1. List the residues of segment 175-202 whose backbone N lies under 14 Å from a point placed 7 Å from the Cα of LYS231 along the Cα-to-Cβ direction.
2. So how far apart, in nm, are the two label points at ASN293 and GLU43 if each is 7 Å from Cα heading toward Cβ?
3. Using alpha carbons only, how many degrees (0 to 90, rounded to 10) separate the axis of helix 2-27 from the longest principal axis of the chain?
4. To the nearest 500 deg cm²/dmol, what mean residue ellipticity at 222 nm is calculated for the chain from DSSP H runs of n ≥ 4 alone, each contributing -39,500 (n - 2.57), summed and divided by the residues?
5. Listed here are the pairs LYS309/LYS352; LYS147/LYS289; LYS267/LYS318; which of them are more than 24 Å apart at the Cα?
6. Pick from ILE170, ILE302, ILE194: which is most flexible by mean-square fluctuation in a GNM of the chain where alpha carbon atoms under 10 Å apart are linked?
7. Using only the heavy atoms of the protein chains and a 1.4 Å probe, how would THR283, THR312 rank by accessible area, largest first?
8. With a 10 Å cut-off between alpha carbons and a GNM built on the chain, which of VAL207, VAL53, VAL349 moves the most?
Amino acid sequence: MKLKRILAVAMATTMVMAMSITALAEDTAPATEGAASGAGASEGHVEQKHPNVVLPTTGDTSTFAYTMDPERLISTTSAAKHANSEYPAAASDTGVYFNNGPKAASGADAAITVYANKSKDLTVTNKSSFDIDLTVTAEAEASTGGKDIPLVEKTAIGTATAAALNLGLIIDTGVEATTSTTDILSDAPVTKKITLAGNADNYFITVESGEYVYRARTYDEYKALDENGSKTEDDYEDTWKSMTFAVEGSATSGKAIADGTTAPTLKVTWSWVDPTAGPSITTKTATAKAGVNTDIAFSGVIADISDIKLDTTSVKSKTTITDGKITVLSSWTDKWTSGQKRVLTVEFVGGKTDTVEITKE
């Protein structure tokens, strides 16, 4: 009987508590809105445009140094005056010789210097992720004294009535059947512009040292791609576009030259620009010679230039400007002392500036 009373009291207590909780719930209004905030963040930026142009590193002046032999003294004497040297066969010899280096990298032939009627090929390779415009310029600079052999077109060598010389700039773009040769004459430099394609497919975004980077694949990374499993390292190198340039020469045969006859100096320059980057100076350093105007190349046209300053003095009104070229007059540079360096600053429309350092020879 006592147990029944205890159960009854417990049940009654439970019911009272339940009723109290229900009443409390009924007294609280339901939520009708909410809000939250979160700060925005950027994962970062990776510049997906990477320049990497491999230019010839030769500073060797012998690359375009040459010897002319209109009287064919070398072939007539089988090069007896030039020990440990190899010259072209007489039947195909054109009488102008460029040093092409040792016949072999090692062994007995390494002591033999090869001379050819064409200079060594110099190669430019574009390993960038974008296309570039490459400019190659060749010119013949007259020797002091006015005794240079005349320069003529290649087609005139065979019919010339007096001793003459031909020099030609050879451009091989790397595309089949596109090799061209242009005569280098005394009246003006020869300038060739070539577009050399980049290869964005060889680039990718990765993480290095906790940072995003955009870089070219290594050969191993290239080979790891599904379609490249059987590719060699040469195959990988061939994915980059290259071009070569050189100079050839020929001289008349059987026509005597006067004692003391000289030959012009051959000057070849090369530079590249990003064609989408706007105008810029492409000649980064220059040498001013006595009595000779100094040409500075730039990518652009006359209208791109707003001012030119020599050190801090504006000289635009006294400067000859043509599309792609600024000419610094010898009347300025002849007043400089040998070894003196001056800075030419070019200001382009839009505020961009570029400089070139000119050294007096």
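1. 199-202
2. Spacing of the two 7 Å Cα→Cβ label points: 5.5 nm.
3. Its long axis makes an angle of about 50 degrees.
4. Numbers: 5 runs with 44 residues, N = 361.
Roughly -3500 deg cm²/dmol at 222 nm, from the helical runs in the chain.
5. Details: LYS309/LYS352 14 Å; LYS147/LYS289 19 Å; LYS267/LYS318 26 Å.
Beyond 24 Å between Cα atoms: LYS267/LYS318.
6. Result: ILE302 has the largest fluctuation of those listed.
7. Values: THR283 35, THR312 120 Å².
Per-residue accessible area, sorted high to low, gives THR312, THR283.
8. For the chain, modelled as a Gaussian network with Cα springs under 10 Å, the answer is VAL207.
The values are calculated or read from the model by the stated rules, or taken from the named source; none is laboratory data. A quick note: this is a predicted structure, and the numbers were derived from the prediction, not measured. Positions of Cβ are backbone-derived with ideal geometry, glycine not excepted, and every protein chain shown enters the neighbour counts. Each accessible area value is taken on the protein alone, full model and side chains, heavy atoms only, with ligands, DNA and RNA left out. Shrake-Rupley method; radii C 1.70, N 1.55, O 1.52, S 1.80 Å.
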